[in-house]
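In what follows, a single structure is set out as structure tokens and then discussed.
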Amino acid sequence: MICIISLMSKSENRKILKLLISVGLPIAIQNLLSNGINLIDNFMVGSLSEDALSAVSLANRSYFIFIMLLFGLISGIGIYSSQYYGSKEIPKIHSMMGIGFTFGVSFAVLLTILISLFPDDTVRIFIKDESVVSIGTEYIKIAVLSFIPASISMVFQINLRSVRMTKIPMMTSLVAAIFNGLLNYVLIFGKLGFPALGVKGAAIATVTARFIELVMVLLFVFFNKNCPLKGTIKSYFSYTLPMMVTVFRRSLPVVLQEGLWAIGTSVYFIAYGNLSSTSVAAAQISLTSLDIYISLFIGLGNGAGVMVGNLLGEKQIEKAQRYSNKIILYQIILSIPFAILFSFSGIWITRFLNFSVAGNQATLYTIYVLAAYLPIKCMNFLFIVGILRGGGDTRFCMISETASVWLIGVPLAFISVLVLKLPIYWCVALVNLEEITKLILCSIRYKSKKWINVLVD
């Protein structure tokens with residue numbers, strides 16, 4: 001691979017960097033903002049108690065599963081949108097969006113109703129501690145109202161990425177993140193004359209931020225005359241049944257992949273819940289902190305996926321592979337120093353938590369474990385969400401990720417907790433062996449070139 005890269009011209013190297021910066025950097029900044037606010041939210045809720053952070057994190061597992069299922073569906077649609085943009089078929093992008101609205105909003109409404117009817121049972125899936133269940137139920141009753149606006153926003157955001165208008169999602173996330181952070185501070189702790197609402201305040205802030213994000217993205221799309229996504233109700237819902245079936249069949253592996261991965265990683269928390277609320281809180285704050293450090297690589301992966309999709313839509317197969325080789329090299333070079341930096345940040349992070357000595361120690365050691373796995377996680381994201389998925393290889397991505405999580409991660413989670421009775425950081429270390437398996441499978445698949453698929457005429 002390195003030999004191939006060395007033969008690439010300087011002008012081509014610059015072109016790749018320019019594309020990655022223009023497409024991937026705004027996505028990276030968007031994720032950094034979102035994850036940064038999530039971390040601040042966790043600090044704020046964690047300052048109430050370990051039980052409060054545990055309850056909110058477990059309650060948010062339902063939102064996490066929802067958003068990943070939705071992300072899977074819309075990402076599958078985004079594969080088509082990227083290639084249609086490459087082939088300059090804008091009306092078909094509108095049809096893709098219409099399919100996204102149909103499935104996304106319908107799913108959001110259904111899940112909102114179900115969780116509203118059974119809020120306590122939703123939290124009790126993950127933990128049996130009734131004090132934690134009570135706090136989590138209080139939170140989720142309000143937070144579930146964010147599902148519908150989030151579904152509409154996601155359709156626009158992923159399709160904006162597909163047409164390389166990544167600055168719009170970045171700006172909307174920035175505004176939403178600022179409002180979410182400010183409202184959390186005001187409503188959780190009772191500032192500026194408002195009552196101290198605790199976890200209820202965090203839920204209200206989340207819902208408000210989602211609606212603000214939706215309004216912002218609508219304003220950007222429909223008041224920008226150059227935005228290719230701007231259309232009419234008729235253009236969005238101009239898709240035919242055969243088109244919807246074709247797209248759904250291609251998207252189904254992505255939906256299953258993201259959904260089964262989200263459910264599987266949530267099952268990890270069911271296992272962790274058998275340890276203690278302290279263990280759950282330590283795992284949650286460590287994983288949220290990890291998200292900060294991998295934001296750049298999420299942008300790199302998404303940028304790679306858009307780039308590959310656009311190039312395949314233009315029928316430039318050889319160039320798509322050359323560009324992918326280069327991006328893999330960037331990933332390897334950048335991820336190692338980020339892992340080192342993350343490991344050193346653990347001591348700083350624990351200083352902002354109102355945890356017990358045992359809770360701080362568990363958090364610190366868990367961060368060390370996750371730092372060791374960071375380069376592997378980033379590479380897997382690049383392959384699965386970026387290059388392979390951008391190439392239309394959705395079935396392999398589903399099989400490799402699902403098998404790794406459910407055949408390796410889930411069994412090891414319960415073995416480490418129920419049989420070996422290990423501390424949370426050793427549980428996390430064993431569970432993440434699934435990442436190594438995933439990397440091996442994806443590397444073999446990439447080398448085979450079977451991931452390359454041109455989906456548009």
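Mind checking whether some residue in region 75-82 is within 26 Å of residue 275 (Cα to Cα), in a helix (DSSP H, G or I) and among the aliphatic types (A, V, I, L, M)? Before the answer, list the steps.
Filtering region 75-82 for residues within 26 Å of residue 275 (Cα to Cα) gives none.
No, the conditions are met nowhere in region 75-82.
Output the residues belonging to region 110-146 that are hydrophobic (A, V, I, L, M, F, W, C), under 18 Å from residue 49 (Cα atoms) and assigned to a helix (DSSP H, G or I). First the steps, then the outcome.
At the first step, the residues of region 110-146 found to be hydrophobic (A, V, I, L, M, F, W, C) are 110-111, 113-115, 117-118, 123, 125-127, 132-133, 135, 140, 142-145.
So of that shortlist, the ones also under 18 Å from residue 49 (Cα atoms) come out as 123, 127, 132-133, 135, 140.
Across region 110-146, the qualifying residues are 123, 132, 133, 135, 140.
Are there any pairs with C-beta distances below 7 angstrom linking a residue in region 344-371 that is at negative phi to a residue that is among the polar types (S, T, N, Q) and surrounded by fewer than 16 Cβ atoms within 10 Å (Cβ to Cβ), with the two at least 6 apart or on different chains, and if so which?
Pairs found: 354/47.
Taking into account only those residues within region 400-452 that are of a type in the set (Ser, Thr, Tyr) and more than 23 Å from the chain's Cα centre (by Cα), which is nearest to residue 283 (Cα to Cα)? It would help to see each step written out before you state the result.
Filtering region 400-452 down to residues of a type in the set (Ser, Thr, Tyr) leaves 400, 402, 404, 416, 425, 437, 443, 446, 448.
Add one more test, that the residue is more than 23 Å from the chain's Cα centre (by Cα), and what stays is 416, 448.
Details: 416: 14, 448: 36 Å.
Selected residue: 416.
Scanning for something without any contact (Cβ under 8 Å) to a residue 60 or more places away in the chain, among the aliphatic types (A, V, I, L, M) and buried (at least 17 other Cβ atoms within 10 Å of the Cβ), does region 446-454 turn up at least one residue? Even if it seems obvious, please write down each step before you answer.
Initial filter on region 446-454 (without any contact (Cβ under 8 Å) to a residue 60 or more places away in the chain): 447-448, 450.
Okay, now just the ones that are also among the aliphatic types (A, V, I, L, M), so none.
The answer is no, given that none of the residues of region 446-454 is without any contact (Cβ under 8 Å) to a residue 60 or more places away in the chain, among the aliphatic types (A, V, I, L, M) and buried (at least 17 other Cβ atoms within 10 Å of the Cβ).
Taking into account only those residues within region 212-248 that are in contact with a Phe, Trp or Tyr (Cβ under 8 Å, 6 or more places away or on another chain) and aliphatic (A, V, I, L, M), which is nearest to residue 154 (Cα to Cα)?
Among residues in region 212-248 that are in contact with a Phe, Trp or Tyr (Cβ under 8 Å, 6 or more places away or on another chain) and aliphatic (A, V, I, L, M), the one nearest to residue 154 (Cα to Cα) is 217.
Regarding residue 231, is this residue at pLDDT below 90 and out of contact with any Pro (no Cβ under 7 Å at 6 or more places or on another chain)?
Working: at pLDDT below 90: yes; out of contact with any Pro (no Cβ under 7 Å at 6 or more places or on another chain): yes.
Criteria met by residue 231.
Can you pull out the residues in region 279-302 that are of a type outside the set (S, T, N, Q) and under 17 Å from residue 452 (Cα atoms)?
301
Which of the numbered conditions does residue 413 fail, given that it passes all the others? Conditions: (1) buried (at least 20 other Cβ atoms within 10 Å of the Cβ); (2) closer than 27 Å to residue 299 by Cα; (3) not acidic (Asp, Glu).
The single condition residue 413 does not satisfy is (2).
Out of all the residues in region 269-291, is one or more within 30 Å of residue 18 (Cβ to Cβ) and either in contact (Cβ under 8 Å) with a residue 40 or more places away in the chain or of a type outside the set (S, T, N, Q) (or both)?
Here is the first cut: in region 269-291, the ones within 30 Å of residue 18 (Cβ to Cβ) are 290-291.
Add one more test, that the residue is either in contact (Cβ under 8 Å) with a residue 40 or more places away in the chain or of a type outside the set (S, T, N, Q) (or both), and what stays is 290-291.
Checking region 269-291: at least one residue is within 30 Å of residue 18 (Cβ to Cβ) and either in contact (Cβ under 8 Å) with a residue 40 or more places away in the chain or of a type outside the set (S, T, N, Q) (or both).
Kindly provide the set of residues from region 87-110 that are touching a residue at least 12 places away in the same chain (Cβ under 8 Å), surrounded by fewer than 24 Cβ atoms within 10 Å (Cβ to Cβ) and out of contact with any helix residue (DSSP H, G or I) (no Cβ under 6 Å at 6 or more places or on another chain), ordered by number.
89, 90, 91, 102, 107, 109
Restricting to region 179-208, give me the number of residues that are within 30 Å of residue 21 (Cβ to Cβ) and touching a residue at least 60 places away in the same chain (Cβ under 8 Å).
Number of matching residues: 2.
Would it be correct to say that residue 363 is touching a Pro at 6+ places or on another chain (Cβ under 9 Å) and either farther than 30 Å from residue 310 by Cα or crowded, with 23+ Cβ neighbours inside 10 Å (or both)?
Details: touching a Pro at 6+ places or on another chain (Cβ under 9 Å): no; either farther than 30 Å from residue 310 by Cα or crowded, with 23+ Cβ neighbours inside 10 Å (or both): yes.
Criteria not met by residue 363.
Out of everything in region 295-336 that is touching a residue at least 12 places away in the same chain (Cβ under 8 Å) and not in a helix (DSSP H, G or I), what residue ends up being nearest to residue 20 (Cα to Cα)?
Pass one, region 295-336, residues touching a residue at least 12 places away in the same chain (Cβ under 8 Å): 295-315, 317, 320-332, 334-336.
Narrowing further to those that are not in a helix (DSSP H, G or I): 314-315.
On the way: 314: 18, 315: 20 Å.
Restricting to residues being touching a residue at least 12 places away in the same chain (Cβ under 8 Å) and not in a helix (DSSP H, G or I), the top hit is 314.
Criterion first (among the polar types (S, T, N, Q), in contact with a helix residue (DSSP H, G or I) (Cβ under 8 Å, 6 or more places away or on another chain) and not in a helix (DSSP H, G or I)) does residue 279 satisfy it? Full working, then the answer.
Numbers: among the polar types (S, T, N, Q): yes; in contact with a helix residue (DSSP H, G or I) (Cβ under 8 Å, 6 or more places away or on another chain): yes; not in a helix (DSSP H, G or I): no.
Considered against the rule, which asks whether it is among the polar types (S, T, N, Q), in contact with a helix residue (DSSP H, G or I) (Cβ under 8 Å, 6 or more places away or on another chain) and not in a helix (DSSP H, G or I), residue 279 comes out as no.
Residue 199: aliphatic (A, V, I, L, M) and either over 26 Å from residue 137 (Cα atoms) or within 20 Å of the chain's Cα centre (by Cα) (or both), yes or no? Walk me through it before giving the result.
Working: aliphatic (A, V, I, L, M): yes; either over 26 Å from residue 137 (Cα atoms) or within 20 Å of the chain's Cα centre (by Cα) (or both): no.
For residue 199, the condition - aliphatic (A, V, I, L, M) and either over 26 Å from residue 137 (Cα atoms) or within 20 Å of the chain's Cα centre (by Cα) (or both) - is not met.
Evaluate the following for residue 201: is it over 21 Å from residue 41 (Cβ atoms), crowded, with 18+ Cβ neighbours inside 10 Å and small (Gly, Ala, Ser)?
Values: over 21 Å from residue 41 (Cβ atoms): no; crowded, with 18+ Cβ neighbours inside 10 Å: yes; small (Gly, Ala, Ser): yes.
It is false that residue 201 is over 21 Å from residue 41 (Cβ atoms), crowded, with 18+ Cβ neighbours inside 10 Å and small (Gly, Ala, Ser).
Got a sec? Which of 370, 364, 382, 407 is in contact with a Leu (Cβ under 8 Å, 6 or more places away or on another chain) and over 15 Å from residue 444 (Cα atoms)? Working first, answer last.
On the way: 364 fails: in contact with a Leu (Cβ under 8 Å, 6 or more places away or on another chain); 382 fails: over 15 Å from residue 444 (Cα atoms); 407 fails: in contact with a Leu (Cβ under 8 Å, 6 or more places away or on another chain).
Testing whether each residue is in contact with a Leu (Cβ under 8 Å, 6 or more places away or on another chain) and over 15 Å from residue 444 (Cα atoms) leaves just 370.
Matching residues to (1) within 25 Å of residue 128 (Cβ to Cβ); (2) touching a Phe, Trp or Tyr at 6+ places or on another chain (Cβ under 6 Å); (3) basic (Lys, Arg); (4) at pLDDT 80 or above:
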position	(1), (2), (3), (4)
60	yes, no, no, no
80	no, no, no, yes
84	no, no, no, yes
111	yes, yes, no, yes
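The values are calculated or read from the model by the stated rules, or taken from the named source; none is laboratory data. Predicted model only: the values in this text are computed from it and were never measured. Reconstructed Cβ throughout: ideal geometry from the backbone, glycine too, with neighbour counts over all protein chains shown.
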